Protein chains: 4
Amino acid sequence: MVKKVAGVLGATGSVGQRFILLLADHPDFELKVLGASSRSAGKKYIDAVNWKQTDLLPKFAESIVVSECTPEAFKECDVVFSGLDADYAGPIEKAFKDSGLAVISNAKNYRREEDVPLVVPISNPEHLEMIGTKVSKAKAEGKEKPGFIVCISNCSTAGLVAPLKPLVEKFGPISLLTTTTLQAISGAGFSPGVPGIDILDNIIPYIGGEEDKMEWETKKILGSLNADKSKVNLLSDDEIKVSAQCNRVAVSDGHTECISLKFKNQPPPSVEEVKQCLRDYVCDATKLGCHSAPKQTIHVLEQNDRPQPRLDRNRDNGYGVSVGRIREDPVLDFKMVVLSHNTIIGAAGAGILIAEILLAKNII
Amino acid sequence: MVKKVAGVLGATGSVGQRFILLLADHPDFELKVLGASSRSAGKKYIDAVNWKQTDLLPKFAESIVVSECTPEAFKECDVVFSGLDADYAGPIEKAFKDSGLAVISNAKNYRREEDVPLVVPISNPEHLEMIGTKVSKAKAEGKEKPGFIVCISNCSTAGLVAPLKPLVEKFGPISLLTTTTLQAISGAGFSPGVPGIDILDNIIPYIGGEEDKMEWETKKILGSLNADKSKVNLLSDDEIKVSAQCNRVAVSDGHTECISLKFKNQPPPSVEEVKQCLRDYVCDATKLGCHSAPKQTIHVLEQNDRPQPRLDRNRDNGYGVSVGRIREDPVLDFKMVVLSHNTIIGAAGAGILIAEILLAKNII
Amino acid sequence: MVKKVAGVLGATGSVGQRFILLLADHPDFELKVLGASSRSAGKKYIDAVNWKQTDLLPKFAESIVVSECTPEAFKECDVVFSGLDADYAGPIEKAFKDSGLAVISNAKNYRREEDVPLVVPISNPEHLEMIGTKVSKAKAEGKEKPGFIVCISNCSTAGLVAPLKPLVEKFGPISLLTTTTLQAISGAGFSPGVPGIDILDNIIPYIGGEEDKMEWETKKILGSLNADKSKVNLLSDDEIKVSAQCNRVAVSDGHTECISLKFKNQPPPSVEEVKQCLRDYVCDATKLGCHSAPKQTIHVLEQNDRPQPRLDRNRDNGYGVSVGRIREDPVLDFKMVVLSHNTIIGAAGAGILIAEILLAKNII
Amino acid sequence: MVKKVAGVLGATGSVGQRFILLLADHPDFELKVLGASSRSAGKKYIDAVNWKQTDLLPKFAESIVVSECTPEAFKECDVVFSGLDADYAGPIEKAFKDSGLAVISNAKNYRREEDVPLVVPISNPEHLEMIGTKVSKAKAEGKEKPGFIVCISNCSTAGLVAPLKPLVEKFGPISLLTTTTLQAISGAGFSPGVPGIDILDNIIPYIGGEEDKMEWETKKILGSLNADKSKVNLLSDDEIKVSAQCNRVAVSDGHTECISLKFKNQPPPSVEEVKQCLRDYVCDATKLGCHSAPKQTIHVLEQNDRPQPRLDRNRDNGYGVSVGRIREDPVLDFKMVVLSHNTIIGAAGAGILIAEILLAKNII
């Protein structure tokens, strides 16, 4: 198969670097275009980047000459992954979309647009049908393939919704949901991200905008498509109440979340039924045979001191989510601990898996 | 004033070392007896202890010869602070009590006895009246002063109940209460406590027995004395539901808790009323002029990224509790972040302050 | 005694904040003027600063209105402590000096000027005679008191020279000296300082310019005044060879240094003689009765796993230096581990102690 | 090729677990026997072990029934990897050797026996000829293959000697050598290893016995075989002086060492010649095509802030060693920073690579 041509926007940043790592030796995509700020444009990537990943910079990327972030520079790309900062992503991603490009973005700018899918690929890939419908329609009408933006969810939202999706499918709506997060510092990027002196021997019980993102995004991701698949019906506050408390902790990678939830339908299932439901869940990407899809979508851990970020974050290369300590909750129905890899399933990796799903469905 | 004579059980352990530090230069108590295991007994304290505190071993304690943990060895003590491990505390503390000694214990063994006060000194010092009544009665009857045990609460319980007490006093009962803790490693002691390799770049989402302790102890501490002040009426599950999720994090000292609560009386007070109530609270120990009592019992912090353990744990020498991010909660009524110093107000320091209250009330 | 009036330049920065803490309730100095950038000038200090210290912002400083960093604004000051970044310190400190102000600076800009004393106050206070001589002369000539700059050494230099000074005094010159440092992150400031993701579970084996500073500054600090006390004679490479390797580690405060040294005079003293020499050393500031002077200048620790930053950095409030593991070295004569508090004796605290010495000697 | 049968002694411990991970899917060895203490013997491995690795327990090992550590239980093994604690290794390893088994041990017990090779496989594999000679001789004489022990070096010694070997080969003997180490906590095992409270925000400037091991082992590893290849001639103190200062730091994996060295032959080579020599070095294991051998034995890093443990420890899967900051030293000839993976090339991984070399040379 001829590989699809891929580009990365914001290639020198934290998320951009992750995209590059994940696209090295990818069977479906060939990364050809790297875009960054004018300061970097024109330089070889290796000279433009302050590489900060624990894996080495892949050879193939070293000598790619960095482009400006213009649609023209990316015109050969079948898919463009955007790791742009929110400060820059707005107009650039819009220009790319308007030029007919397929953009998968980690930025928050368009997440709340009603015709933009907000996708955790192991949870709500069906929201991508919003794009599929448009593309099919254009094809049917003999028009050019339309550009589009798909948004990756906030990193901590991904871990939160991962176990919810199978539970809702099997046991019906969740009416109350609380999460307290213990979030890794890698998600804050490195320019400068979280200062060392702020996080050593410390907790920062606040991440700007994060709680609101989690509470809102959950309602979109768990929402259903409308009849003509043109937009998502957000869950209302009457349908689900969500409360998040977010903390930054001294962990490099891996967001831990202590969640509690109550089902609308009472009495709720048993603890064992909840566990079985999560164990049995196979996400669509896995069914579609996507390259990066986890073998096991949700790992239900039985040891009482798991999941732990250092020991469990890399399950299924960071595409699998671990859930442990599933037990009854005296206040709501159940409580549990969820661990997800914030830069894989919570950011760049989600983008790659979304692209694989789009490819499997002939949307790109 | 002649100082009261004090002793410390379990003097070489983590809690015992803290007791010694807190009793150095204390205006009310003179520490004269240090008890430890047979392995240490007979040695000078400096030769028996592996001192691990950030403050140096006080000079006065260096040459005290360690005793066996027998009532005989402590007979001159007006008050005995117990930092014994739960494995040993049971029979030793009982023997001390039966010999007429006043024991203030950090061990969990007797916390659930109905005639043993379980006390967070800034929150429910009125439970000490159970002891006061017995002592007065003995005096009135011309009998010897009876021995007794007062239990210090679990460290994470102390932080949880600190803001609850003033709220309940002013706004009535709390019906639902959740807490997710991020607990320091100092609470686990150091023989060996939490291994470094387990906590570096990691979270351990489990502390054996801790969640049950928090859920149960809260119901005792918030309970009221019965008519003759002989025991505490525990709150029932119908009165308050409590749910705790406990995590160990890479913080040396200071437990952070993300709590949510719902009042029985609806509509609830406003956020501003909650804050004002906490700001206005003056604990009895402060009113009594106790030496270690916090100037400000509850610090209400307005910066959105506070409290933080490294920056706020030492407020009022660790006897004050910090509460921040007080805001409405979409699921319950309010959520907030509480920080308390686990080895001061959550352990040894609580013992000292309890003793100061007992002294102020002429119970010891 | 009427307190001397003090000012702080760079008051909102990391070093400036430390100066403010150390000047709170100081018996000799009253801090009246706080200078910062135009962005902060005109604001109350509490509104201008992002306070990051583990001690709370002292009340007295909260409402001081921040000034521009001009000599005019500081004209009433008997002494000005500069915590300015090297990027700004050059012209500002010069202007202050030229206006007749007494500046004690933590910046590196003037350290290598031959008529500027570079001082570790527990080690080479005699270099302050360069200033004393000028001031006496001006007085004798009926002239105005001249302005001057005294430079505080680099933080890691302070720890290195602390044990050397007594050794050189007693046993003669050191010919070879190596140090490998493990430096705390607080020294890097917080705008942004060392990023958390860079230092968690990591070592950074490089601190820009640090090794050169240590190697050069040691030769000035160990040098002697020339005959008319107008400048310092640097030690030459023939007199002492110094080699430093600097690392940043995940420690908040306290620089650890593994040093080795060889005396010029052979055979060298015994290990016990070295220890006794260090134990016996009493720095001039202590003899002069300076407020902040350490009771024990050098703490010789005998436990083989000490000094440790968390346990020993606060000895003598950070003004004392700890030396442990003094033993013979198979390559040079001796090796040992030195711990010094980088923000106290290595930065702001050194400035305060220098001022106290200047005051004791009637230079300010 | 039929795989050789392998066993692991001390299989439940830290080093044992690493051996199991490294033997999973190994092309040359099939791990069949796991030995541990009587407490574990008879249980399935998954029930006996407290698995603490960041990689999951390999499926194949889960159901292996743990054996006692007797030669009988391991009799089918072509090679036995020992991760036993030094407290137990002595008699067990001797019994295995005496029974004709081939033991590759991480324990320190036999490292100083003159007929036992002490091997860093990327540095002195030629010392294995001591075994090869015996085995050939036995074969030639028609005798049974003799049992033997090969000792893996101390973890910090491995990093130290890695760059020395090529330098000595090219530029002649090193006369003076100093190293200051910053060692990871994984090397201390986890029963309990380094307590978290001891290492958080801290340095421990002491590791029992480590400095002596480094100083002594270097002299054996850099020594040459005697004429009949029956033992190693240690370097004398006159030939090389070695001085080590060892520190424990808050790093999970990867030992950093700041080393300085002086060549016997003066003038020494240039910095560039030193770098080129290290870059050009290809270890024998790589030439032999051993499975785990590093592609690049020594990585010479040019960025001035490298190597860093988090970013560089996994080069060549932990079998490659990184060297950075090679520069002239004012005291000796050169200084540099070396990073090696303490549990791979410094422990279990070294054992595996030694076995691969032995296999390539038909010794097992």
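Assorted remarks:
- Scope segment B:172-204; condition among the small types (G, A, S), farther than 19 Å from B:H341 by Cβ and at the interface with chain D (Cβ under 10 Å from one of its Cβ atoms); matching residues: B:S191, B:G196
- For A:K108, the conditions (1) of a type outside the set (F, W, Y); (2) surrounded by fewer than 23 Cβ atoms within 10 Å (Cβ to Cβ); (3) more than 21 Å from A:A244 (Cα to Cα); (4) within 20 Å of the chain's Cα centre (by Cα) all hold with the exception of (3).
- Only residues that are within 14 Å of chain C (Cβ to nearest Cβ) and either over 29 Å from D:D201 (Cβ atoms) or surrounded by fewer than 17 Cβ atoms within 10 Å (Cβ to Cβ) (or both) were counted in segment B:22-51, giving 3.
Table: residues versus (1) at pLDDT below 95; (2) assigned by the TED database to the domain that holds A:N106; (3) in contact with a helix residue (DSSP H, G or I) (Cβ under 6 Å, 6 or more places away or on another chain).
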position	(1), (2), (3)
A:W51	yes, yes, no
A:V66	no, yes, yes
A:F74	no, yes, no
A:G83	no, yes, yes
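- Among (1) in a strand (DSSP E or B); (2) away from chain A (no Cβ under 13 Å) - the single one B:Q276 does not satisfy: (1)
- Options C:I207, C:I197; residue that is among the aliphatic types (A, V, I, L, M), outside the structural domain of C:G35 (by the TED database) and in a loop (DSSP other than H, G, I, E, B): C:I207
- Close pairs from segment D:144-158: first closer than 20 Å to D:G209 by Cβ, partner of a type in the set (K, R) and in a loop (DSSP other than H, G, I, E, B), Cβ under 6 Å, at least 6 apart: D:C151/D:R111
- Taking first residues from segment A:258-275 that are within 11 Å of A:D333 (Cβ to Cβ) and without any contact (Cβ under 8 Å) to a residue 40 or more places away in the chain and partners that are assigned to a loop (DSSP other than H, G, I, E, B) and among the acidic types (D, E), the Cβ contacts under 9 Å between residues at least 6 apart in sequence or on separate chains come to A:Q266/A:D333; A:P267/A:D333.
- Segment B:346-364 residues that are among the hydroxyl-bearing types (S, T, Y), paired with ones that are modelled with pLDDT of 95 or more and part of a loop (DSSP other than H, G, I, E, B) (beta carbon under 6 Å, 6 or more apart): none
- Which numbered condition C:E114 misses (of (1) within 20 Å of the chain's Cα centre (by Cα); (2) at pLDDT 95 or above; (3) not small (G, A, S)): (2)
- B:K165 being of a type outside the set (V, I, T), in a helix (DSSP H, G or I) and surrounded by fewer than 24 Cβ atoms within 10 Å (Cβ to Cβ): yes
- In segment D:286-302, the residues that are touching a Ser or Thr at 6+ places or on another chain (Cβ under 8 Å), buried (at least 21 other Cβ atoms within 10 Å of the Cβ) and hydroxyl-bearing (S, T, Y): D:T297
- Across segment C:263-285, not a single residue is classified as surrounded by 15 or more Cβ atoms within 10 Å (Cβ to Cβ), within 29 Å of D:D198 (Cα to Cα) and within 18 Å of the chain's Cα centre (by Cα).
- Summed over segment D:157-169, residues that are away from chain C (no Cβ under 14 Å) and within 16 Å of the chain's Cα centre (by Cα) total 7.
- Residue within segment B:170-180 that is outside any loop (DSSP other than H, G, I, E, B), among the small types (G, A, S) and over 21 Å from the mean Cα position of the chain (by Cα) present: yes
- Residue satisfying condition, being of a type in the set (S, T, N, Q), crowded, with 19+ Cβ neighbours inside 10 Å and touching a Pro at 6+ places or on another chain (Cβ under 6 Å), within set A:S252, A:S243: A:S243
- Considering segment C:226-242, the residues that are touching a helix residue (DSSP H, G or I) at 6+ places or on another chain (Cβ under 7 Å) and either within 14 Å of chain D (Cβ to nearest Cβ) or assigned to a helix (DSSP H, G or I) (or both) include one that is nearest to C:N124 (Cα to Cα), namely C:L235.
- Leading residue by the ranking (nearest to the chain's Cα centre (by Cα)) among those in segment C:189-209 that are at pLDDT below 95, among the hydrophobic types (A, V, I, L, M, F, W, C) and buried (at least 21 other Cβ atoms within 10 Å of the Cβ): C:V194
- Leading residue by the ranking (nearest to the other protein chains (Cβ to nearest Cβ)) among those in segment D:138-153 that are in a loop (DSSP other than H, G, I, E, B) and touching a Leu at 6+ places or on another chain (Cβ under 9 Å): D:S153
- Flag if B:I354 is on the phi < 0 side of the Ramachandran plot, at pLDDT 95 or above and under 18 Å from the mean Cα position of the chain (by Cα): yes
- For A:A162: the one exception among (1) hydrophobic (A, V, I, L, M, F, W, C); (2) within 16 Å of A:G7 (Cβ to Cβ); (3) assigned by the TED database to the domain that holds A:S322: (2)
The values are calculated or read from the model by the stated rules, or taken from the named source; none is laboratory data. Here the structure is a predicted model, which is why all the values come from computation and not from measurement. When we count neighbours, we look across all protein chains shown, and the Cβ atoms used for this are built from the backbone with ideal geometry, even at glycine.
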